[in-house]
Amino acid sequence: MVDLSEKDLTDEQYWRMLASRGVGRFLVLAALHQRPRHGYELARAVTEAGAGCCEPTDAMIYPAIRELTVGGYIVCRIEAQGQRQRKVCELTDRGRRAYRAAAKVWSTVLPALREAVEAGLEAPNSVGANL
């Protein structure tokens with residue numbers, strides 16, 4: 001259980017971190033659903049799709065690739081590009097099923113999330129309002 005007394009829930013950075021973690025893995029699957037990609041390309045696709053919500057670092061992308069590979073959701077092959085070698089990853093059948101399952105869940109979450117966000121943006125700024 002997370003001790004919320006140590007977290008500043010008024011800090012937007014805290015919420016960015018939570019959103020990035022939650023949405024990031026889904027956007028990795030979504031990017032690989034579009035086409036096979038190498039790590040840098042995958043990070044760029046997640047950044048673009050996240051529209052500022054998710055800007056993955058190597059510390060996020062490469063462990064995600066490793067975890068998805070171990071789980072059988074993606075396969076990676078080494079591809080030579082000039083003198084460079086890149087690990088190009090693509091979804092497996094299991095990965096495509098995981099993407100569809102995640103998309104189904106997000107489709108049910110997004111309407112409620114949108115409504116809550118809109119209400120939060122319209123909420124009064126005074127402390128103790130509606131308590």
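Within segment 44-60, residues that are modelled with pLDDT of 80 or more and of a type outside the set (S, T, N, Q) sit with their Cβ atoms under 9 Å from residues that are part of a loop (DSSP other than H, G, I, E, B) and surrounded by 18 or more Cβ atoms within 10 Å (Cβ to Cβ), at 6+ positions apart or across chains, in these pairs: VAL46/CYS54; VAL46/PRO56; GLY50/PRO56; MET60/CYS54. A single entry from THR47, THR108, THR69 fulfils the requirement of being under 24 Å from TYR14 (Cβ atoms), in a helix (DSSP H, G or I) and among the hydroxyl-bearing types (Ser, Thr, Tyr): THR47. Would it be correct to say that VAL23 is within 15 Å of the chain's Cα centre (by Cα), under 21 Å from GLU79 (Cβ atoms) and assigned to a helix (DSSP H, G or I)? No.
Taking the condition among the hydroxyl-bearing types (Ser, Thr, Tyr), surrounded by fewer than 11 Cβ atoms within 10 Å (Cβ to Cβ) and without any contact (Cβ under 8 Å) to a residue 12 or more places away in the chain, does THR10 pass? Yes: the conditions hold for THR10. Going by the structure shown, is PRO56 within 18 Å of GLY22 (Cβ to Cβ) and either of a type in the set (Ser, Thr, Tyr) or surrounded by fewer than 14 Cβ atoms within 10 Å (Cβ to Cβ) (or both)? No, not satisfied. Of all residues assigned to segment 73-85, none qualifies as being within 30 Å of GLU12 (Cα to Cα) and in contact with a Cys (Cβ under 8 Å, 6 or more places away or on another chain).
Report yes if LEU27 is within 26 Å of TYR14 (Cα to Cα) and in contact with a strand residue (DSSP E or B) (Cβ under 6 Å, 6 or more places away or on another chain), otherwise no. Taking the combined requirement at face value, the residue does not satisfy it. A single entry from ALA30, ALA119 fulfils the requirement of being among the aliphatic types (A, V, I, L, M), surrounded by 11 or more Cβ atoms within 10 Å (Cβ to Cβ) and part of a helix (DSSP H, G or I): ALA30. As a summary of the residue check, MET1 satisfies the conditions (1) assigned to a helix (DSSP H, G or I); (2) at pLDDT below 85 except for the one numbered (1). Listed conditions (1) of a type outside the set (D, E, K, R); (2) at positive phi; (3) at pLDDT below 90 are all met by GLY72, apart from (3).
Exactly one residue out of GLU41, GLU67 is within 22 Å of ARG100 (Cβ to Cβ) and either over 9 Å from the mean Cα position of the chain (by Cα) or surrounded by fewer than 17 Cβ atoms within 10 Å (Cβ to Cβ) (or both): that is GLU67.
The values are calculated or read from the model by the stated rules, or taken from the named source; none is laboratory data. Keep in mind the model is a prediction, meaning the values are calculated, not measured. Every residue, glycine as well, gets a Cβ built from its backbone with ideal geometry; the counts of neighbours run over all protein chains shown.
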